[in-house]
Amino acid sequence: MCGVDGAAPAPGDVAIRALGPGDAAGCDAIVASLPYHFGDGHGRELCAAAVREQDGFVATAAGMPVGFVTWRPWYRAAAEITWMAVHAAERRRGIGRMLVDAFLAELGPEIRIAVVTTLSEATPEPGVDDGYAGTRAFWRGCGFEPALDPAGWWNAENQAVVMVQALGP
């Protein structure tokens, strides 16, 4: 199981289930609650498409979506988490960990590498309290390690970092 020191476990009222077509609007609302992390319009469009088209899980509390994760396979031995978010009001309760654990448990034995991309520490975030340093720490706590900062993947202002986790032999 993944974890970040100090994160409280999610309460028993949170359930994880397969993402379905009826969850799209709830996932869009989760994204809207995180304007700093989803500030790029094109990125929001790609995320909206992913929750409608890709495999995924949704975390619910009282029947309402509070978090989600989507993924896609790469080649035969790798799977990439394409999008993940937990509603701003629900963060730091262990819901993200639950979603990543569900994703990892879903992968078959042929998948040996899990991949996620986020904002690199090479992108400055002066004066941001809840920025991507915390996001990278979350992914490290889930067993992902930075592998490369591919220049130009996103745009001139935002540098990506690809993080990977080895899953098997």
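Using θ = phi - 60° and the Karplus form 6.51 cos²θ - 1.76 cosθ + 1.60, what ³J(HN,Hα) does each residue of region 78-86 get, whole Hz, x for Gly and Pro?
With the stated coefficients, region 78-86 comes to 9, 9, 10, 6, 8, 8, 8, 7, 10 Hz.
Counting helices only, and only those DSSP H runs with n ≥ 4, report the 222 nm mean residue ellipticity of the chain as the sum of -39,500 (n - 2.57) divided by its residues, in deg cm²/dmol to the nearest 500.
Working: 4 runs with 44 residues, N = 169.
For the chain, the value works out to -8000 deg cm²/dmol.
Loop only by DSSP, 12 or fewer other Cβ within 10 Å of the Cβ. Give me the chymotrypsin sites (Phe, Trp or Tyr not before Pro) in region 41-118 that pass, ordered by residue number.
Working: sites: 57, 68, 71, 74, 75, 83, 103; in loops: 75.
Of the chymotrypsin sites (Phe, Trp or Tyr not before Pro), the ones in loops of region 41-118 whose Cβ has at most 12 other Cβ atoms within 10 Å are 75.
Can you give the % of DSSP beta bridges in region 14-166 that are antiparallel, to the nearest 5?
Values: 30 of 34 bridges.
Of all bridge pairs located within region 14-166, approximately 90 percent are antiparallel.
Counting only residues 5 or more places away or on other chains, whose amide H sits under 5 Å from the amide H of residue 80 once H atoms are built in the peptide plane?
Under 5 Å from the amide H of residue 80 lie the amide H atoms of 72, 74, 115, each far enough along the sequence or on another chain.
The numbers here are math on the coordinates, done by the rules we state, and not lab data. Just so it is clear, the structure is predicted and the values come from calculations on it, not from any experiment. Backbone-built Cβ (ideal geometry, glycine too); neighbour counts: all protein chains shown.
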